[in-house]
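For reference, the structure discussed in these notes is given below.
The values are calculated or read from the model by the stated rules, or taken from the named source; none is laboratory data. All values reported here derive from a predicted model rather than from experimental measurement. Quick reminder, even Gly has a Cβ in these numbers, built from the backbone with ideal geometry, and neighbours come from all protein chains shown.
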C-alpha cells in the first residue's frame, strides 16, 4: 500500500499551482494551517539549493475533531500533508498523504471510517487538479 497519491499538473507556474491546490482544498472543506517552504528553509538553515517544494498542512476541522475524539494522540498525524513540488523537467507534482495508511498505525477501528472519508476527499482534490 502506498502512503500517498499524486498527480502532475498541466500548470507550469509553481506559485499559481499553490493557489490552485489551496483553492481545491478549500472547496472540500480543508484549510491550510501551515505552509513550509522547504527550498527556502534548506537554503537558510544549511545553505543547500533544493527544488521548489512546499508542504501544505491541510486540515478539515470536522474530520480532525472526530479523529481527536476517537484517539487523542492522533494529532501526531495531523494535519494532512499535501506537497507541491517542481520536478527537474519543470512539471509541477502534487502529492497528498493517504490517511488510511498513516492512521493504521493507531490500531483504532473507529478511525477507519474517518480515514476513509478523508481519503476520498483528498483523492477527489488530487483528481480534480489534472
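Residues in segment 1-42 that are assigned to a loop (DSSP other than H, G, I, E, B), surrounded by 15 or more Cβ atoms within 10 Å (Cβ to Cβ) and at pLDDT 95 or above: 28, 30.
Before we move on, is residue 130 over 22 Å from residue 38 (Cβ atoms), part of a loop (DSSP other than H, G, I, E, B) and touching a strand residue (DSSP E or B) at 6+ places or on another chain (Cβ under 9 Å)?
Working: over 22 Å from residue 38 (Cβ atoms): yes; part of a loop (DSSP other than H, G, I, E, B): yes; touching a strand residue (DSSP E or B) at 6+ places or on another chain (Cβ under 9 Å): yes.
The answer is yes for residue 130.
Could you look through segment 104-126, keep only residues that are modelled with pLDDT under 95 and either outside any helix (DSSP H, G or I) or in contact with a strand residue (DSSP E or B) (Cβ under 7 Å, 6 or more places away or on another chain) (or both), and pick out the one that is surrounded by the most Cβ atoms within 10 Å (Cβ to Cβ)? Top of the filtered list is 108. Just so you know, in segment 43-78 the residues that are in a loop (DSSP other than H, G, I, E, B) and in contact with a strand residue (DSSP E or B) (Cβ under 6 Å, 6 or more places away or on another chain) include one that is surrounded by the most Cβ atoms within 10 Å (Cβ to Cβ), and it is 52. Condition first: part of a helix (DSSP H, G or I) and within 20 Å of residue 28 (Cβ to Cβ). Can you find one or more residues in segment 82-89 that meet it? No, the conditions are met nowhere in segment 82-89. For segment 96-130, the set of residues classified as more than 15 Å from the chain's Cα centre (by Cα) and more than 19 Å from residue 69 (Cα to Cα) consists of 130 only.
Yes/no matrix, rows are residues, columns are (1) within 12 Å of the chain's Cα centre (by Cα); (2) within 20 Å of residue 90 (Cβ to Cβ); (3) free of Cβ contacts under 8 Å to residues at least 24 places away in the same chain:
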{"site": "14", "(1), (2), (3)": "no, yes, no"}
{"site": "32", "(1), (2), (3)": "yes, no, no"}
{"site": "41", "(1), (2), (3)": "no, no, yes"}
{"site": "44", "(1), (2), (3)": "no, no, yes"}
{"site": "54", "(1), (2), (3)": "yes, yes, no"}
